Amino acid sequence: MNTLDRNIIVYNALCKVFREGAYASISLGEFIDGLDPRDAAYVTRVYCGVISKSVELDYVIGKLTTKKPKPAAMIALKIGIYMLRYMDEPDYAVVNTQTELMKKIGKRELGGFVNAVLRRSDEVKLPISDKNVAREISVNYSCPEWIVKLLLSDHGERFTREFLSAKLDERPHVRINERKITDEEWQKKIAGEYEKTDCGYYASVRALKPIDKMLYTVQSRSSALAAEIYACGIADKPKILDLCAAPGGKAVYLAYLTGGEVTACDIHPHRVDLIRSYAERMGEKVNAVINDATVINNEWIGAFDLVVCDVPCSGLGVIHSKPDILLSRDAEDIDALVGVQSKILRAATAYVGKGGRLCYSTCTVVNEENEGVVNAFLKENPNFSAEPIAFDKVKAGADGFVRIYPQSDGTDGFFVASLRRIE
């Protein structure tokens, strides 16, 4: 497959994301399915690169044009400018390929415009300097300005720059199925192509491909660490409720870690099916049920030793591994999410037995969704208190909450609070 053919695939996949609002990982999977590994690798690199550098590319295009280009030209330009700046293709080849692409997709009339803009691409110099710190960081780190402002307000400039510039291992993180394979057996099977972590392995897609999927599961390191934090200090054979469990990674790992009776929920039937299939594949017994986490289920009142609220959130802690979040979120989402998070947490209190624990967690680094929700909850519920988390892999802060950050912990951002029922 030549570069033009590959770029047409990239273009069509990006149209799904930029023009139709599709999830980036799902759209990519649809377009690379069945491709030769080399073609798939190229498409993945350019596709993910354009998404992760979208803000920067918008800036460059804005400097080279007097008005926003038509959608087809915009996407073609993003692909071309990304290639010119981040790939080793000769400049003339990139320009010619993208001009030809416009003809192939039936937009011949835009070919000359795309050609002219790409030829001037190197006129725009990066990084920029700007008295407006938020704007400078937004362009230089390719992050929407509203997110930058939020990070600056919550954490300060140094944190914001370090957070946005963090580099994470791009390989999948997997947790082996210890009921079916030992570490020693796994390491032999993966033939040295791995890096062991404190709760699993980083391994390449190529190395994982021939291995039986019953022997491992893809689970981010931060997700696995969160499950281990939930399990800290828990009694033997506990009763556990995971209110927002789909697709089931943390609930299934909790079942393995504790040997307890785990009930895992989601409001959507198809996502409950995902939990069931996940548990079956990993050989764990999990009771997967349909349930609305914002509404109290009277059958569960006071019935659990541990209740987990891994709530829906903005996901701003995982933008390094899921850069499409930068495209799909906006500032107005935060208030709506906080309302849902608080409602779930309030309902969850009914299920915690005397002396039991309630764990609240998110994969965001936004204070309003994290400390803000927890502290407001504690003011309203004097029968719960924040309990310092004693976890040797990641230290809790002075307030007892655990915060995981890409720049300091080498994995996606996460927040966990442990709340003890004291009445």
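The values are calculated or read from the model by the stated rules, or taken from the named source; none is laboratory data. Computed from a predicted model, the values in this text were never measured in an experiment. Glycine also receives a Cβ, built like all others from the backbone with ideal geometry; neighbour counts cover every protein chain displayed. All accessible areas refer to the heavy atoms of the entire protein, side chains included, with ligands and DNA or RNA removed. Shrake-Rupley method; radii C 1.70, N 1.55, O 1.52, S 1.80 Å.
Extension gain, Arg108 to Lys167, is 17.3 nm, computed as 0.36 nm per intervening residue step minus the present C-alpha separation. Taking the charge dipole of the chain about its Cα centre, with +1 at Lys and Arg Cβ atoms and -1 at Asp and Glu Cβ atoms, the residue from Ile275, Val50, Gly192 reaching farthest to the positive side is Val50. Across every pair of non-identical alpha carbons in segment 94-162, the mean reciprocal distance, once inverted, gives a Kirkwood radius of 14.4 Å.
Compared with the dominant Cα axis of the chain, that is its longest principal axis, helix 221-231 is turned about 10°. Shown in residue order for segment 177-190 are the 3J(HN,Hα) couplings computed by the Karplus curve 6.51 cos²θ - 1.76 cosθ + 1.60 at θ = phi - 60°: 7, 5, 7, 10, 8, 8, 4, 4, 5, 5, 5, 5, 5, 8 Hz (x for Gly and Pro). One chain, two ends: Asp212 and Arg38. Fully extended at 0.36 nm per residue, the span grows by 60.3 nm beyond their Cα-Cα distance. What the phi angles of segment 161-166 give under the Karplus curve with 6.51, -1.76 and 1.60, with θ = phi - 60°, is a coupling list of 5, 5, 4, 6, 8, 4 Hz, glycine and proline written as x. Here the simple spin-label model places points 7 Å from the Cα toward Cβ, and for Glu89 and Glu185 these points are separated by 4.6 nm. Pairwise Cα separations in the chain fall into 10 Å bins from 0 onward with the following percentages, short to long: 4, 20, 28, 24, 16, 7, 2, 0. By how many degrees, 0 to 90 and rounded to 10, does the Cα axis of helix 269-282 deviate from the longest principal axis of the chain? The angle comes out near 80 degrees. Dipole orientation for segment 289-387: of the candidates Asn383, Gly317, Ile296, Asn383 has the Cα lying most toward the positive pole (charges on Cβ; Lys, Arg +1; Asp, Glu -1). Mind checking which of Gly259, Gly106, Ile334 is farthest towards the positive end of the chain's charge dipole, using Cβ charges of +1 (Lys, Arg) and -1 (Asp, Glu) about the Cα centre? Result: Gly106, furthest along the dipole toward the positive end. Which parts of segment 110-125 would a label at Thr65 reach, counting a residue when its backbone N lies under 17 Å from a point 7 Å out along Cα-to-Cβ? Counting only backbone N, you get 110-124. Dividing the mean sequence gap of close Cα pairs (under 8 Å, 6+ apart) by how many residues the chain holds gives a relative contact order of 12 percent. Based on Cα contacts under 8 Å between residues 6+ apart, segment 131-274 shows a relative contact order of 16 percent. Computed across segment 1-108, the Kirkwood radius stands at 13.9 Å (inverse of mean 1/r, all Cα pairs).
Dipole magnitude for segment 112-269: about 380 debye, using +1 per Lys or Arg Cβ and -1 per Asp or Glu Cβ, origin at the Cα centre.
Each of Asp333 and Val133 was given a label point 7 Å from its Cα along the Cα-to-Cβ line. The distance between the two points is 2.5 nm. Heavy-atom surface analysis with a 1.4 Å probe gives segment 276-423 a carbon and sulfur content of 51 percent of its accessible area. Axis angle, to the nearest 10 degrees, between helix 91-104 and the longest C-alpha principal axis of the chain: 80 degrees. Separation of the alpha carbons by more than 31 angstrom is noted, of Lys68/Lys125; Lys103/Lys149; Lys53/Lys107; Lys167/Lys343; Lys196/Lys237; Lys53/Lys189, for Lys103/Lys149; Lys167/Lys343; Lys53/Lys189. Candidate cross-link partners of Lys63 among the aspartates and glutamates, defined by an alpha-carbon separation under 18 Å and a same-chain spacing of 8 or more, comprise Asp122, Glu123, Asp130, Glu136, Glu145. Each Lys and Arg adds +1 at its Cβ and each Asp and Glu adds -1 at its Cβ; summed about the Cα centre, segment 96-198 shows a dipole of about 540 debye.
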